[in-house]
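In what follows, a single structure is set out as structure tokens and then discussed.
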Amino acid sequence: MNVLDLLDDIEILVDDAPGLPLTGKIMVDKEELLRIVEEIRTSLPDDVQQARWVKDEKNRILQDAKDEFEKIILEAKKQADYLVETDEITTRAKNKANEIMTEAEENSKMLKMKTYRYVDDILIDMQEKMDDLNLKYFGEMYANLEKSFVSINEVLTANRDQVKEMAFKTQNGQDVDMTQE
């Protein structure tokens, strides 16, 4: 017998016991009650062991179920990742992203080339203006310098002519006035 059956026997023993009037107490067979208690004591270790085994088995089954659940979840995540990775929408999105990147790189190169051309045009224009200024100012400076040399040359020629005239007069015995121009 197991403990629960023996407890049922105690309950029947109490229910069937004669009561004492006006006290609410009952009389039970002492020998019968002690026999049932002794059986409970002897059955209890087996029942406790059985309960412990049931509890351990329950925990093992729950752990196995939890491990299996985690494996299923992990496999489902892998499958979902694979499906997302190979999904047509993802493929289209990657292709579109690659197209956008290629177009952006081409636009960037084109913009750089336009910028280089613009800067080169500005530098060419500046170089032409510098050449014009150089010709203008160098030409004017050269013309002024040439005038100065011509003027100096004319003064030198006039001075030489004067010196020659004075030398001629001195040679011919004429008195030379040095205060003349």
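The values are calculated or read from the model by the stated rules, or taken from the named source; none is laboratory data. Keep in mind that what you see is a predicted model, and the values were worked out from it rather than measured. Virtual Cβ from ideal backbone geometry, glycine too; neighbours counted across all protein chains shown. These accessible areas exclude ligands, DNA and RNA; they are computed on the full protein's heavy atoms, side chains included. Shrake-Rupley method; radii C 1.70, N 1.55, O 1.52, S 1.80 Å.
Think of it as helices only: each DSSP H run of n ≥ 4 in the chain is worth -39500 (n - 2.57), and spread over all residues that comes to -32000 deg cm²/dmol at 222 nm. In this structure M110 has an accessible area near 100 Å², from a 1.4 Å probe over the protein heavy atoms. Projecting the Cα atoms of N172, L133, V54 onto the charge dipole of the chain, computed from C-beta unit charges around the Cα centre, puts N172 farthest toward the positive end. Across region 106-116, computed HN-Hα scalar couplings (Karplus, 6.51 cos²θ - 1.76 cosθ + 1.60, θ = phi - 60°) run 5, 4, 4, 4, 5, 5, 4, 5, 4, 5, 4 Hz from first to last residue, x flagging Gly and Pro.
Take the Cβ-Cβ distance between K94 and F69 as r, set R0 to 41 Å, and report the resulting FRET efficiency rounded to the nearest 0.05. Don't skip to the end; give the middle numbers.
Working: r = 33 Å, r/R0 = 0.82.
With R0 = 41 Å, the Cβ-Cβ based efficiency is 0.75.
For K114, a cut-off of 24 angstrom between C-alpha atoms picks up these lysines, skipping any fewer than 8 places away in its own chain: K129. In the chain, the longest principal axis of the Cα atoms and the axis of helix 30-86 are about 30 degrees apart. Using a probe of 1.4 Å, the accessible surface attributed to D15 totals some 110 Å² when neighbouring protein chains are kept in position.
Amide H contacts of I26: L20, each under 5 Å away and 5 or more positions distant or on a separate chain (H built 1.01 Å from N in the peptide plane; Pro and chain starts excluded).
Please state the relative contact order of the chain as a whole percent: Cα pairs under 8 Å, 6+ residues apart? Don't skip to the end; give the middle numbers.
Numbers: 38 pairs, mean separation 21.1, N = 181.
Relative contact order, the chain: 12 percent.
For V28, the solvent-accessible surface computed with a 1.4 Å probe is close to 60 Å², ligands and nucleic acids excluded. Here region 33-181 is treated as an ellipsoid with the same Cα gyration tensor; its semi-axes, largest first and in whole Å, are 128, 26, 8. Using θ = phi - 60° in the Karplus curve 6.51 cos²θ - 1.76 cosθ + 1.60, the 3J(HN,Hα) couplings for region 93-104 round to 4, 5, 4, 5, 4, 5, 4, 5, 4, 5, 5, 5 Hz; x is entered for Gly and Pro. Placing pseudo-labels 7 Å out from each Cα toward the beta carbon at D132 and V150 gives an inter-label distance of 2.8 nm. With the dipole of the chain worked out from charges on the C-beta (+1 for Lys and Arg, -1 for Asp and Glu) around the Cα centre, which of L156, P45, I73 lies farthest toward the positive end? Result: L156.
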